[in-house]
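Throughout, read-outs are computed from the coordinates displayed, never taken from laboratory work. This one's a predicted model, so the numbers in the text were calculated from it and none came from an experiment. So basically every Cβ, Gly included, is an ideal-geometry build from the backbone, and we count neighbours across all protein chains shown.
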Amino acid sequence: MRPAAQRRDVGQPVVDFDLFQTTKEWLLPSSTTKESNMSMKLYAHPFSSYCQKVLIALYENHTPFEFCMLAPGDERAAAEHEALWPLKRIPVLVDEGRAVVEASIIIEHLDLHHPGPVRLIPEDPRAALGVRMMDRFFDNYIMTPMQKIVSDSIRAAEHRDRQGVAESREMLDTAYRWLDDAMKGREWAAGDTFNLADCAAAPALFYADWAHSIGKAFSSVHAYRRRLLARPSFSRAVDEARPYRPLFPLGAPDRD
Ligand SMILES: N[C@@H](CCC(=O)N[C@@H](CS)C(=O)NCC(=O)O)C(=O)O
């Protein structure tokens with residue numbers, strides 16, 4: 001295992017971003033990224049589920065990068081982040097001065113421009129489609145309802161969305177049931193190897209079980225969640241996020 005990724009003091013200025021590129025250019029692959037030695041920067045927080053999704057991919061291949069911590073209250077880091085991505089969501093990867101957003105796209109970017117021994121997207125386009133389908137499943141039907149339940153709990157009582165939360169809980173139950181069936185006899189979410197779909201699954205199932213517990217009957221989902229927790233890349237992300245557990249709005253359980 002390589003040493004931990006270099007961590008940057010959040011207050012340091014970022015001098016090498018070209019913030020005046022058009023959005024279209026930001027999203028185009030750079031012709032120079034392949035052989036680049038310039039370090040990548042990830043704007044993230046260790047406790048964020050979507051950031052963990054990308055951290056897992058980086059750790060799987062021991063990809064060097066600089067972690068730019070977005071701590072609450074750090075206005076300078078927040079301003080840098082907003083200049084890169086006005087929608088203010090994390091993670092944001094900066095590679096060769098270009099911002100890459102959306103966790104799945106960041107992982108696609110890593111697989112394309114910084115490949116390692118663990119292929120995050122299979123080369124075979126048919127297999128890749130199955131991986132992307134499962135990635136969408138985890139984001140849309142596990143992560144999204146989990147986030148809804150968590151974010152609703154920090155709203156003022158008069159702004160709570162009871163119906164939305166009830167629908168999210170229902171969606172999670174249906175998604176757990178579907179996944180339990182899908183995971184029977186499978187080690188990883190799509191195919192025989194660990195890939196993008198598992199990067200998405202790990203933090204999604206981790207936090208979803210905290211927000212709306214996975215029923216005991218769904219033994220294949222529980223077994224898969226345990227396999228994910230045992231994977232060194234995710235286990236490292238979970239350990240790095242441990243100090244922030246008191247921030248979990250619903251109260252973190254005393255377990256992983
Ligand atoms: N679709 C985005 C979702 C990213 C996202 O929701 N990130 C959360 C942290 S896990 C965030 O930035 N929350 C801040 C906010 O909602 O203001 C992705 O896949 O990267």
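Couple of notes before you dig in:
- Helix 162-182 vs. the chain, principal-axis angle (Cα, 0 to 90°, nearest 10): 90 degrees
- Viscosity 1.567 mPa s, 4 °C: Kirkwood-radius Stokes-Einstein D of the chain over Cα pairs, µm²/s: 68 µm²/s
- Here's the list of aspartates and glutamates a cross-link from residue 41 could span, going by alpha-carbon distance under 13 Å and ignoring same-chain residues fewer than 8 apart: 9, 16, 66, 80, 95, 96.
- Other residues with beta-carbon under 13 Å from the beta-carbon of residue 120 carry, at +1 per Lys or Arg and -1 per Asp or Glu, a net charge of -3.
- Close amide H contacts of residue 68 (hydrogens built in the peptide plane, cut-off under 5 Å, sequence separation of 5 or more or a different chain): 42, 43, 44.
- For the chain, the Cβ-based charge dipole about the Cα centre amounts to some 660 debye (Lys, Arg positive; Asp, Glu negative; other atoms uncharged).
- When each of the peptides 55-64, 221-230 is scored by the mean number of other C-beta atoms lying within 10 Å of its residues, the order from highest to lowest reads 55-64, 221-230.
- Full-extension gain in nm, residue 230 to residue 75, via 0.36 nm per residue minus C-alpha separation: 52.2 nm
- Extension gain for residue 170 to residue 136 (0.36 nm times residue separation, less C-alpha to C-alpha distance): 10.4 nm.
- FRET efficiency for the residue 129 to residue 216 pair, using the beta carbon distance and R₀ = 41 Å, is estimated at 0.80.
- Computed about its Cα centre, the charge dipole of the range 33-104 is approximately 140 debye, with only Lys, Arg, Asp and Glu carrying charge at their Cβ.
- Low-density loop positions, GluC sites (Glu not before Pro), the range 112-180 - DSSP coil, at most 10 other Cβ in 10 Å: 123
- Added length on full extension, which subtracts the Cα-Cα distance from 0.36 nm per residue, residue 163 to residue 242: 25.3 nm
- Spatially, the range 180-256 and the range 43-110 are offset by 21 Å when compared through their Cα centroids.
- Farthest towards the positive end of the charge dipole of the chain, among the residues 112, 122, 175, is the Cα of 175, using unit charges on the Cβ of Lys, Arg, Asp and Glu.
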